[in-house]
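A.B. asks: First the structure, then my questions, so here it is.
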Amino acid sequence: MSNHRYIKLMPDMAVFVRVVETGSFSAAALELGMTPSAVSRQVSRLEQALAVRLLERTTRKLRLSESGSETFLRCQDMVNAARAATEVADKFVALPRGLLRVGMPKAFGKSVVAPLIPGFLAKYPQIDMQLILNDRQLNLINDDADLVIHITQHPTEGLAARPLMSVEQVLCATPAYLARHGTPRQPQDLCGHSCLSLGENPGDADWRFLRKGEATIVKVSGRYVVNHSEARLAGVLQHLGIACLPYFTARSALEQGLVKALLTDWEFVSAYQGTAYIQYLPTRYLAPKMRVFIDYLVQHLEADLKPSARQRLTANP
């Protein structure tokens, strides 16, 4: 395809971006001052020129094809570059403003991010904030988010990522429970205790521990099963047994002495651990509202990247 043809396709690419971002031909047409049929024709013309199917059309919604997802990212880069080119005069003077939508897991959002929002809004009075709390893996495009936070060992491929903090699990119980039932000294001791587990998958009661490369799996049991970390912490505080919790959930109770960390020389292995990354579409033209929020979170949370929760607990039992 010649350079001249690339240039002719740019308007169709821009229309394609608005269709994906708004979720329908009619919504994009309303924003662009066009008819839905004209918008549909431009997307079809782009598909014909690229010789790929970009959108799967159904009566209920539009869905990006595999090739459409990658094409969308490239076209969005073009639109963002064009937008930045028309706003050069504002580049150095514009204040961060507008609605910022950030998706993240529920417990992390409530325990870690939400307490930081009042200070952020006070610092940036022209930014409005929407937190999207969902334990499902959120998608920047389908979930209409500007930024997403994932807790993982590896950031999502194809997205830019900044590490925020380490996320680890801690095994804990109240001093009162331990006084009545004893303190486990090794993972196998948990078989004689009441343990609060997640209960979402068949293997959630199989607790896996690592120490110096040695893996131990213990099948635990208990009378209370709940799939939310704050609810499990509440159960622990009522002396119902031993639970594994994200360190950020248990931190306050640990610091107040309400619960005690157990088996701190072992690592509890969970899918809900690793590093909390804030992720976004890679672009050189990051919106000011996104840039300042990322920097704000990094500034407030980077101290929790190192040392790890397990190292802190071992050092301060």
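The values are calculated or read from the model by the stated rules, or taken from the named source; none is laboratory data. Quick caveat: nothing in here was measured; it's all calculated off a predicted structure. Here the Cβ is made from the backbone with ideal geometry for all residues, glycine too, and neighbour counts use every protein chain on show. When the accessible area is computed, the model is the full protein with side chains, heavy atoms only, and any ligands, DNA or RNA have been set aside. Shrake-Rupley method; radii C 1.70, N 1.55, O 1.52, S 1.80 Å.
A.B. asks: For region 147-161, state whether one or more residues are farther than 29 Å from G68 by Cα and not β-branched (V, I, T).
C.D. replies: No, region 147-161 has no match at all.
A.B. asks: Please count how many residues of region 250-273 are at pLDDT below 85 and of a type in the set (G, A, S).
C.D. replies: Total satisfying the criteria: 2.
A.B. asks: Name the residues in region 173-212 that are open to solvent by 80 Å² or more (accessible area, probe 1.4 Å), not hydrophobic (A, V, I, L, M, F, W, C) and not in a strand (DSSP E or B), would you?
C.D. replies: Residues satisfying the conditions are R180, H181, R185, Q186, Q188, E200, N201, P202, K212.
A.B. asks: What's the total number of residues in region 94-108 that are open to solvent by 20 Å² or more (accessible area, probe 1.4 Å) and among the hydrophobic types (A, V, I, L, M, F, W, C)?
C.D. replies: Looking only at that region, the number is 3.
A.B. asks: So for region 274-282 (the condition being part of a loop (DSSP other than H, G, I, E, B) and either at pLDDT 90 or above or not assigned by the TED database to the domain that holds A205 (or both)), does at least one residue qualify?
C.D. replies: Checked region 274-282: at least one residue is part of a loop (DSSP other than H, G, I, E, B) and either at pLDDT 90 or above or not assigned by the TED database to the domain that holds A205 (or both).
A.B. asks: What number goes with the only condition from (1) surrounded by 15 or more Cβ atoms within 10 Å (Cβ to Cβ); (2) part of a strand (DSSP E or B) that Q130 does not pass?
C.D. replies: (1)
A.B. asks: Please find, among V39, V52, the residue that is open to solvent by less than 70 Å² (accessible area, probe 1.4 Å) and touching a residue at least 24 places away in the same chain (Cβ under 8 Å).
C.D. replies: Values: V52 fails: touching a residue at least 24 places away in the same chain (Cβ under 8 Å).
None of the other options fit; the residue is V39.
A.B. asks: So in region 150-172, with the set limited to residues that are assigned to a strand (DSSP E or B) and either free of Cβ contacts under 8 Å to residues at least 40 places away in the same chain or of a type in the set (S, T, N, Q) (or both), which one is surrounded by the fewest Cβ atoms within 10 Å (Cβ to Cβ)?
C.D. replies: My answer is T152.
A.B. asks: I'd like to know if region 220-229 contains one or more residues that are farther than 27 Å from Q279 by Cα, under 26 Å from the mean Cα position of the chain (by Cα) and either open to solvent by 10 Å² or more (accessible area, probe 1.4 Å) or free of Cβ contacts under 8 Å to residues at least 12 places away in the same chain (or both).
C.D. replies: Checked against the condition, which is being farther than 27 Å from Q279 by Cα, under 26 Å from the mean Cα position of the chain (by Cα) and either open to solvent by 10 Å² or more (accessible area, probe 1.4 Å) or free of Cβ contacts under 8 Å to residues at least 12 places away in the same chain (or both), region 220-229 yields at least one hit.
A.B. asks: Here's another thing I want to ask about it. Please specify each residue of region 1-58 satisfying the condition of being hydrophobic (A, V, I, L, M, F, W, C) and in a loop (DSSP other than H, G, I, E, B).
C.D. replies: M1, M34, A51, V52, L54
A.B. asks: Filtering region 69-120 down to residues that are among the small types (G, A, S) and more than 21 Å from N134 (Cβ to Cβ), which residue is modelled with the lowest pLDDT?
C.D. replies: Checked region 69-120; the qualifying residue modelled with the lowest pLDDT is A89.
A.B. asks: Now a separate question. When the residues of region 109-127 are filtered to those that are exposed (fewer than 15 other Cβ atoms within 10 Å of the Cβ) and among the small types (G, A, S), which remaining residue is nearest to S229 (Cα to Cα)?
C.D. replies: If we take residues in region 109-127 being exposed (fewer than 15 other Cβ atoms within 10 Å of the Cβ) and among the small types (G, A, S), then A114 is nearest to S229 (Cα to Cα).
A.B. asks: Under 7 Å between Cβ atoms, which residue pairs at least 6 apart in sequence (or on different chains) link something in region 190-203 that is closer than 16 Å to T216 by Cβ with a partner that is surrounded by fewer than 19 Cβ atoms within 10 Å (Cβ to Cβ)?
C.D. replies: Matching pairs, first to second residue: L190/V218; C191/V218; H193/H181; C195/S221; C195/G222.
A.B. asks: Something else now. Look at A250 and say whether it is in a helix (DSSP H, G or I) and over 30 Å from S69 (Cβ atoms).
C.D. replies: yes
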